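Here is the structure we will look at.
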Amino acid sequence: AAMYSGAAAGPPRRDFISVTLGPEEAVGVGGYNNSKAWRRRSCWRKWKQLSRLQRSVILFLFAFLAVCGVISYTSMGEAWKSITNKSLDDQRTEQEIPRLKLANPAVLPAPQKADANRGDYPELSLQKPPKLPHVRHGPSNLHIKAPQRDMRLKTRHDTMRAVEELVEVDKVEKTEKSIISWRGAVIEPDQSTEPPSNKITEPEKPSSVETEDQKEPVPINERQLAVIEAFRHAWKGYKDFAWGHDELKPLSKSYSEWFGLGLTLIDALDTMWILGLKEEFEEARKWVENDLVFDKNVDVNLFESTIRILGGLLSTYHLSGDSLFLEKAKDIGNRLMPAFKTPSKIPYSDVNIGRGTAHPPRWTSDSTVAEVTSIQLEFRELSRLTGDEKFQKAVDEVMKHVHTLSGKNDGLVPMFINTNSGQFTHLGVYTLGARADSYYEYLLKQWIQGGKKENELLEDYMRAIEGVKKHLLQRSEPKKLTFVGELAHGHFSAKMDHLVCFLPGTLALGAHNGLAADHMKLAEALIETCYQMYAQVETGLSPEIVHFNLHAQKGHKDVEIKPADRHNLLRPETVESLFYMYRFTGDKKYQDWGWEILQNFNRYTRVPTGGYTSINNVQNPSNPEPRDKMESFFLGETLKYMFLLFSDDIDLINLDKYIFNTEAHPLPIWVPA
């Protein structure tokens with residue numbers, strides 16, 4: 001029968017397929033032939049077996065896809081060219097427009113967690129760590145980020161995009177174990193030095209650093225691990241025996257109070273952040289949130305509470321981005337303002353932060369010059385953050401007043417100033433030690449903080465350094481060490497406080513910021529002297545005060561120590577200057593000197609049950625006579641500068657972006673140096 005009804009009659013059509021099997025193609029004979037020639041013949045046969053319509057459709061589809069590909073390539077090329085041109089135009093625009101004002105403070109990424117079970121070092125060995133390549137100084141790229149609103153530290157990790165890496169501290173063996181620590185605070189620091197608006201603005205949270213803006217992490221080296229261990233040991237003593245109190249008494253396993261405001265804890269907050277001690281930082285933060293109360297009937301010293309508490313809170317706010325610390329800073333800042341209510345606007349030394357009253361010491365109406373001129377960095381920054389000009393106005397008036405005063409000697413200032421008359425007192429005595437030291441330091445640092453625009457500050461600083469060269473510099477015998485003495489009514493004294501060892505670092509910082517090159521030469525000479533104040537002593541630790549020999553005497557060293565001056569308070573000034581010198585020169589000897597000092601702190605001041613203690617006698621290694629007190633600045637300054645000294649990462653508190661207050665709390669520079 002026909003396949004379709006109605007089909008035309010005719011001879012039947014025969015459809016058949018012919019298959020020919022060769023000898024090697026027969027099933028079971030020779031196997032499968034998969035040669036390229038055979039495959040090409042097979043594909044061609046399949047193609048010829050398709051109908052003409054099928055072949056046409058396939059060819060059309062291939063042609064259509066080819067045309068679409070060409071069109072897409074052309075469109076994408078034009079779009080890419082447009083994007084590239086736009087990016088170049090944006091870059092030109094950014095170079096042409098004025099720089100933006102600082103909208104956000106700098107933020108360091110969240111601290112890395114370090115192993116809490118790290119064992120104590122019984123005694124640190126004088127072993128040089130593997131050398132890391134020195135990175136030359138210079139600012140990294142700056143990046144602007146929109147500010148974010150207030151958020152607690154425990155929830156901010158959900159919104160901050162900074163990379164957080166856990167630091168696993170393994171037990172130190174003979175071979176060095178490195179740890180990765182994220183660092184690098186980015187700041188967009190263009191800020192006018194004009195007084196801020198009187199309008200109080202809601203504080204905004206600093207923006208975090210995006211991962212793509214981060215540089216490669218720098219390993220923490222063995223010496224930095226030793227600092228972390230030392231901090232943990234000190235912190236253990238404080239936590240066990242003095243938690244929430246001002247200072248630890250490690251021998252008696254108790255505490256002492258000065259202001260009753262947890263000075264050691266607040267002083268150490270930013271140190272813990274920089275060292276990557278996340279657990280310790282979180283625990284301390286909870287105390288600040290729940291237990292730090294300033295509404296109490298207590299007298300505090302304006303200077304000490306400003307540099308330690310206000311400075312510590314502001315620094316921690318900048319590093320962490322947690323507005324809790326800014327709110328606490330505003331609170332204490334406002335409570336310190338009654339100190340400026342004096343006839344001369346020179347502040348009183350003491351303030352009752354609960355009652356809102358202030359007064360000079362009981363025995364005098366004078367304040368020390370260093371104290372009234374070393375609170376400016378903190379109050380100026382508080383004004384910038386809050387928008388309330390009263391803080392900056394108060395401290396700027398002090399500097400302008402001191403600038404105009406008579407009684408200076410080639411830029412050198414006396415030690416005391418009267419709060420009623422506003423005049424210098426005890427004229428004729430000039431020192432860079434106690435009661436005057438940080439006046440000179442803050443002249444330079446305010447100038448840098450404000451973008452190098454306040455010329456009066458620079459003039460006073462430069463004139464003072466010339467005065468130091470003219471009146472206070474001498475050389476000792478036999479090693480001819482350059483030192484800074486004192487001048488009293490025309491009589492030179494070869495006495496030098498350990499406090500003066502801040503000066504090499506300050507001089508180096510000035511030279512780094514474009515001041516005279518001979519400042520760096522003087523810094524190099526003075527830091528050698530400060531090191532010798534340690535190296536020529538039996539314990540390898542410096543006394544509080546030394547006297548230098550001006551005449552060669554057989555059997556005498558350059559350094560002489562009087563019995564009343566041979567105590568050591570765990571001070572930071574020499575380590576501070578070593579940090580600056582290494583950061584700006586890359587000379588490894590400064591790291592080695594700091595390593596020796598850390599070893600000697602561990603040998604002679606470490607208390608086995610936790611903490612470190614000041615000692616009474618640096619000349620007696622067998623019995624250094626511990627004083628049973630650990631100053632808050634040992635954690636806030638000494639160990640922080642140690643950690644930074646041993647780092648080869650210039651972005652770990654970049655000195656082109658931060659300025660340290662006199663308690664080692666870093667604050668952002670308003671305009672890049």
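The values are calculated or read from the model by the stated rules, or taken from the named source; none is laboratory data. No experiment lies behind these values; they were computed from the predicted model shown. Cβ placement follows ideal geometry from the backbone for every residue including glycine, while neighbour counts extend to all protein chains displayed. Quick note on the areas: whole protein, heavy atoms, side chains included, nothing else; ligands and nucleic acids left out. Shrake-Rupley method; radii C 1.70, N 1.55, O 1.52, S 1.80 Å.
Overview of values
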read-out	value
Karplus-derived 3J(HN,Hα), 6.51/-1.76/1.60, for each residue of the range 327-335, Hz, glycine and proline x	4, 5, 5, 4, 4, 5, x, 5, 6
Heavy-atom SASA rank of Thr662, Thr306 (probe 1.4 Å, accessible area, largest first)	Thr662, Thr306
Rounded to whole Å, sorted largest first: equivalent-ellipsoid semi-axes of the range 268-427, Cα gyration tensor	31, 17, 14
Accessible surface, 1.4 Å probe, highest first, among residues Phe62, Phe492, Phe259	Phe62, Phe492, Phe259
Length gained when the stretch Asp565-Trp243 is fully extended (0.36 nm per residue, less Cα-Cα span)	112.8 nm
Count of lysine pairs in the range 211-321 with Cα separation under 21 Å (8 or more residues apart, or interchain)	10
Prolate/oblate/rounded label for the range 414-460 (Cα gyration tensor, a/c 1.5)	prolate
Rounded FRET efficiency, nearest 0.05, which uses the C-beta distance separating Lys554 from Glu283 and R0 of 51 Å	0.35
Gln49 paired with Thr404, simple spin-label distance in nm, labels 7 Å along Cα-to-beta-carbon	10.8 nm
Nonlocal amide H pairs with Val300, under 5 Å, H built at 1.01 Å	Val351, Asn352, Ile353
Per-residue SASA entry for Ser406, accessible area with 1.4 Å probe, Å² rounded to 10	80 Å²
FRET E, pair Lys470, Ser622, Förster distance 45 Å, beta-carbon r, rounded to 0.05	0.55
With DNA, RNA and ligands ignored, accessible area of Phe502 (1.4 Å probe; Å², nearest 10)	10 Å²
Chain lengthening between Lys480 and Gln423 when straightened (0.36 nm per residue, less Cα-Cα)	16.7 nm
Cβ-Cβ FRET estimate between Asp518 and Val67, R0 fixed at 56 Å, reported to 0.05	0.15
Segment Arg355-Ala488, length gained on full extension (0.36 nm per residue, minus Cα span)	43.9 nm
Exposure of Trp258 as accessible area (Å², to 10), given a probe of 1.4 Å and all protein chains	110 Å²
Ser254 paired with Asp295, simple spin-label distance in nm, labels 7 Å along Cα-to-beta-carbon	3.2 nm
Under Karplus coefficients 6.51, -1.76 and 1.60, residue-wise ³J(HN,Hα) of the range 337-351 in Hz, glycine/proline x	4, x, 4, 8, 7, 10, x, 9, 6, 7, x, 5, 7, 10, 9
The range 472-481 - phi-based ³J(HN,Hα) in whole Hz, Karplus 6.51/-1.76/1.60, Gly and Pro as x	10, 7, 9, 10, 8, 10, x, 7, 6, 7
Rough spin-label spacing in nm, given labels placed 7 Å along Cα→Cβ, for Lys588 and Ala434	4.0 nm
Percent RCO, i.e. relative contact order, over the range 549-673, from Cα pairs under 8 Å lying at least 6 residues apart	25 percent
